[in-house]
1. From the list A215, A235, which residue is within 28 Å of the chain's Cα centre (by Cα) and assigned to a helix (DSSP H, G or I)?
2. Any idea which of S7, S2, S64 is at pLDDT below 95 and of a type in the set (S, T, N, Q)?
3. May I ask you to list the residues in segment 166-188 that are touching a residue at least 40 places away in the same chain (Cβ under 8 Å) and over 25 Å from S71 (Cα atoms)?
4. Is it the case that segment 175-197 has a residue that's part of a helix (DSSP H, G or I) and at pLDDT 95 or above?
5. If I filter segment 200-220 down to residues being hydrophobic (A, V, I, L, M, F, W, C) and farther than 21 Å from V174 by Cα, which single residue comes out as surrounded by the fewest Cβ atoms within 10 Å (Cβ to Cβ)?
6. Might you check whether a residue that is part of a loop (DSSP other than H, G, I, E, B) and outside the structural domain of N130 (by TED's automatic domain parsing) occurs anywhere in segment 241-252?
7. Can you pull out every residue in segment 1-48 that is of a type in the set (S, T, N, Q), more than 22 Å from N96 (Cβ to Cβ) and part of a loop (DSSP other than H, G, I, E, B)?
8. In segment 169-215, which residues are of a type in the set (D, E, K, R) and over 15 Å from F150 (Cα atoms)?
Amino acid sequence: MSGMIDSSARIETGAVIGAGVSIGPFCTIGATVKIGDGCRLVAHVNVTGHTTIGPRNVIHPFSSLGSPPQSLSYKGEPNTLVVGADNDIRENVTMNIGTKEGGGVTTVGDNNFFMVGSHVAHDCHVGNRNILANNVLLAGHVELGDNIVFGGGVAVRQFSRIGDGAMIVGLSGVRADVIPGGMAQGPLANLVGLNVVGMRRRGLSKADIHGVRSAYRALFFGEGEFRGRIDKVEAEFAGNAQVAKIIAFIRAGKRPLTMAIKRAETDED
């Protein structure tokens, strides 16, 4: 054990604390917890259960990581929470371990920003570089890709998937899968366009973005059945990597897809 450990912290025998870890006042660390090098627990942080925290995470007061899942199916199994590196976890964030039905593990990737009061439920799988604003709630078994932005107060229904680069507008209720690069909005969220700003920031060219917009219109507002439109768009835009990602995401889905509604073209920006 090394680094700065406040005398009021309680660390159970068996916990593994990496090099250079700072543990502030009144933190509690369970016996089966592993905390990676260079982490900083500011104060009043609870880490429990079979939880592994990667290096250089910053965890702010009154966050609780590794607590039992909020599921009636849970019977005390030694399931896990695994958190990657370089995450900023703000006040009152909660992350639960997995359940037997969901594979037993909840995972969080790297470089995510969890703002105040956000919640990662059992069996969620969170990718990298996501931003969850205040009070974003992920129900059980939710899967997030990378580079997703959530506005404040978003709630995501269990088993939903949200693709890379999507944006979920604040106070939305996501009830189905959201395509990569999509923008979803509303109490029962609909797809209202594309996160074009996010695409630009990730370096997509104007030509590629134009192709994605054309594919989006053909896919959601073209003629014929949706299944047939998927095949048509896949063939027509075969050279566009973002379109290919959208098609692959749709084909991999096992549950409903958030469908699009029309609005002004300029609203997609």
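1. Among A215, A235, only A215 is within 28 Å of the chain's Cα centre (by Cα) and assigned to a helix (DSSP H, G or I).
2. None of the other options fit; the residue is S2.
3. Scanning segment 166-188 gives I179, P180, G181, G182, M183, A184.
4. At the first step, the residues of segment 175-197 found to be part of a helix (DSSP H, G or I) are 196-197.
Within this subset, residues satisfying the condition of being at pLDDT 95 or above are 196-197.
Within segment 175-197 (the criterion being part of a helix (DSSP H, G or I) and at pLDDT 95 or above), the answer is yes, since at least one residue qualifies.
5. In this case the residue turns out to be A207.
6. Initial filter on segment 241-252 (part of a loop (DSSP other than H, G, I, E, B)): none.
Within segment 241-252, not a single residue is part of a loop (DSSP other than H, G, I, E, B) and outside the structural domain of N130 (by TED's automatic domain parsing).
7. S2, S7, S8, T13
8. Let us first name the residues in segment 169-215 that are of a type in the set (D, E, K, R), namely 175, 177, 200-202, 206, 208, 213.
Result: R200, R201, R202, K206, D208, R213.
The values are calculated or read from the model by the stated rules, or taken from the named source; none is laboratory data. Predicted model only: the values in this text are computed from it and were never measured. We place every Cβ from the backbone using ideal geometry, glycine too, and count neighbours over all the protein chains shown.
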